[in-house]
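Reading through the structure tokens given below for one structure.
Nothing in this text is a laboratory measurement; each read-out follows from the coordinates by a stated rule. Quick caveat: nothing in here was measured; it's all calculated off a predicted structure. Ideal geometry is used to build each Cβ from the backbone, glycine not excepted, and the neighbour counts take in all protein chains shown.
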Amino acid sequence: MTTPPPSSSRRRSPLAPVAAVLAAGAALGLVPAFVSSPYALHLMVLFFLSVIMGSAWNLIGGYGGQYSVGHAAYFGVGAYTVVVLLQFRQVAPWWGLVPALALAMALALVIGSITFRLRGPYFVLASIAVAEIVRLAALNWKDLTNGAEGILVSDIPPLVVGGKVITNFVSKVPFYYSGLALALAVVLVTVWVERSKLGYYLQAIREDQDAANSLGIPLTRYKNVALVLSASFTAWAGALYALYVGFIDPATGIGLDISVQIVLTAIIGGIGTVGGPVVGAAVLVALSEALRANLVTDLLVKGGLVRETSKVGLFLRENLAHAHMLIYGLLVALVILFMPEGVVGALGAFARRRRQRLAREAP
Amino acid sequence: MSLFLQSLLSGVLMGAVYALIGIGLTIIFGVMRIINFAHGELVMLGMYLAYFLFTLAGVDPFLSVLVVYPAVWCFGALLQKTVINRVLNALPQNQILLTIGIGLILSNTAMLLFTSDYRILTTSYSSSSFHLGGVSVSVPLLGSFLVTAAVTAILYWFLIKTDMGQAIRATAQDRDAAQLMGINVRWMSVVATGIGAGLAAVAGALLAPTYYIFPQVGQPFTLKAFVVVVLGGMGSVMGATVGGIVIGATESLAAVYVSSGLKDMVVYVLFLLILLFKPAGLFGKSRV
């Protein structure tokens, strides 16, 4: 990392960002009162889930510089624990979350203790291998997980919140609020981490492990703390996702694609910043929905670039909807090649240059 | 005992192909210190090339390597010159993400072009086998083993005897020193990536008669190639050769004595154990 993130160059009071996050949260909290379109709420739920996962990864990957490409393991453990307990033991999901998070944390500690001795590409490889081991375990432990068939969530018991009984889990509203709350929580945790001793230690580890170690920072301990924090939010997101979609199987719940998407969210927005994963989530969710709904093809047709009835037009209409992973691939390649600091980093650099120019021009 | 020999033999035959994939990965790593996460997708590319050469032009998959290798060599070289070359000095994580991105682009482009249908390349000898001292030997696997052995022998000759091979090895040993000795290290990087990509595609072509061919087929090969390379030692061609055979045999024995569903798990656990206890691998000197 060549340029330090803004937080390390000047220490600001956490009040302003916390107030901003809470204000954004309050505004978003009002949305379901005015918007009833299930599609809009659905997109927001996807956005919140993406924010949670990207920000959770950012704690260990962005601040700590430990690029785990195996976060699907925690996502899957969270999702499977809650769903298995709900379907086979009739445990309500909000209670099921307790063992789910505990398991994810324990798994993170085990994985961390093993893999944090490794560096760079070796760590990345080990994290992938661990996630694959978890996926194969879920695939083969058929008594518990139904194997490749996956588990369908039949129904969720009623939930009482402050005297109000919620029974309608087909509606998107409960998921909207739980997603929002968790997204706010993880962003606030990021704000806190960025300004805490943990955050400074992590950034020191990211910049130079050996230097950090020689200054007396216990490397493995702080990496483990960050990973446990990251894993628990990821598991929570997994549980929420599985309940929201109502289905979980090893391929969609623990596959390498999930791990890659999590990393992409943070990378595209900009790693090691509070706003990065939020921006990344917005970009990725908007983009994949635009593809799915064929908005891109419509745009190309309307712009006169492609004729609707031509072979290319038909081909695009038919296939571009399934191409979101292709676009992810292109995006990550472009971001790495042309703005390795992500969208937020690129905007920050632009703002800095502008300020410098203004300062020079000022008399 | 014959069960043991049987699974050992088919494991070794399969392992030779893993070795070929791993050698490609290790050459690219050796020269540029970049781990190619799109390696399995190059195997996939080789499979599709062999498939279309067979179905459209009637070329036998074992002969098609003569076309597949140069074609994918050029593709790999182009990829190096246009994209990978730009991140030679970037963070290793960014290099990895870039190649993951390339892999996604390749597999999803294949899905757009060829759909995600499973394809099968059926030759006259696809399911034939013969008996040898109580052990049955699959003809396509034996064929791929023999071609692999020939390709590996040529590669060793190239790396050890020719000037260019020595230049590649010198670049892998010490890029700066090689440059000071007048070696064109930029060109060597292009050549090495071409060779690595070509070998992966050849392996794909050799696997085509015995494997389902579909756009996502590559991913497990990427992981397996890493296991092979880490076992042998990053950057060691010799290590990858031995590593491939060992992993093939382990996988095949695990399928028989543990369970066929868990054979990959056994391989990954082995991988973690190697990373932890012998990270330099069997033949490597690289530092973790």
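Toward the positive end of the charge dipole of the protein assembly as shown, with +1 on the Cβ of Lys and Arg and -1 on the Cβ of Asp and Glu, the farthest Cα among A:Val191, B:Ile168, B:Ile245 is that of A:Val191. Ellipticity at 222 nm from helices only: DSSP H runs of n ≥ 4 in chain A, each -39500 (n - 2.57), divided by the residue count, give -24000 deg cm²/dmol. The convex hull defined by the C-alpha atoms of the protein assembly as shown has an orientation-averaged projected area of 34.6 nm².
What net charge is computed for the residues neighbouring B:Ile27, neighbours being all others with C-beta under 13 Å from the C-beta of B:Ile27, Lys and Arg scored +1, Asp and Glu -1? The answer is +2. Annotation for the stretch A:179-224 versus the stretch A:53-106: alpha-carbon center distance of 19 Å.
Across the stretch A:1-132, C-alpha contacts under 8 Å between residues 6 or more apart give a mean separation that, scaled by the residue count, equals a relative contact order of 24 percent. Can you compute log10 of I(q)/I(0) for chain B with the Debye formula, treating each Cα as one identical point scatterer, at q = 0.14 Å⁻¹? Taken in order of the listed q values, log10 I(q)/I(0) reads -1.00. Taking the inverse of the average 1/r across all pairs of different Cα atoms in the stretch B:46-95, what Kirkwood radius in Å do you get? With all distinct Cα pairs of the stretch B:46-95 included, I get 12.5 Å. Taking amide H as placed 1.01 Å from N in the peptide plane, A:Gly272 has its amide H under 5 Å from the amide H of A:Gly62, A:Tyr63, each at least 5 places away in sequence or on another chain.
Ranking A:Ala242, A:Ala73, A:Phe350 by how far each Cα lies toward the positive end of the dipole of the protein assembly as shown (charges on Cβ) leaves A:Phe350 at the top. For the stretch B:228-234, the Karplus equation 6.51 cos²θ - 1.76 cosθ + 1.60, evaluated at θ = phi - 60°, returns couplings of 4, 6, 5, 4, x, x, 3 Hz by residue, with Gly and Pro reported as x. Less than 5 angstrom separates the built amide H of A:Phe247 from those of A:Val153, all sequence-distant by 5 or more or on a different chain. If you bin all the Cα-Cα distances of the stretch B:1-139 at 10 Å, starting from zero, the percentages per bin are 10, 32, 31, 19, 7, 1.
Placing unit charges on the Cβ atoms of the charged side chains and taking the dipole of the stretch B:74-190 about its Cα centre, the candidate lying farthest along the positive direction among B:Ile120, B:Gly143, B:Pro92 is B:Pro92. Using alpha carbon centroids, what distance separates the stretch B:52-121 and the stretch B:176-236, in Å? Taking the Cα centre of each part, the stretch B:52-121 and the stretch B:176-236 sit 11 Å apart.
Binning the C-alpha pair distances of the stretch A:272-363 at 5 Å intervals from 0 yields a P(r) profile of 3, 12, 15, 16, 14, 12, 10, 8, 5, 3, 2, 0, 0 %, listed from the shortest bin outward.
Contact order for the stretch A:188-305, expressed relative to its length and based on alpha carbon pairs under 8 Å spaced 6+ residues apart, stands at 13 percent. Think of each Lys and Arg Cβ as +1 and each Asp and Glu Cβ as -1; about the Cα centre, that makes the dipole of chain B roughly 580 debye. Computed on the Cα trace of the stretch A:30-255, the radius of gyration divided by the Kirkwood hydrodynamic radius gives Rg/Rh = 1.00.
Counting Cβ atoms of other protein chains within 10 Å of each residue's Cβ and taking the mean over peptide A:330-340 gives 6. Placing +1 on each Lys and Arg Cβ and -1 on each Asp and Glu Cβ, with no other charges, gives the stretch A:30-255 a dipole about its Cα centre of roughly 320 debye. Partner shielding of B:274-280 amounts to 3, given as the average count of beta-carbon atoms from other chains within 10 Å of each residue beta-carbon.
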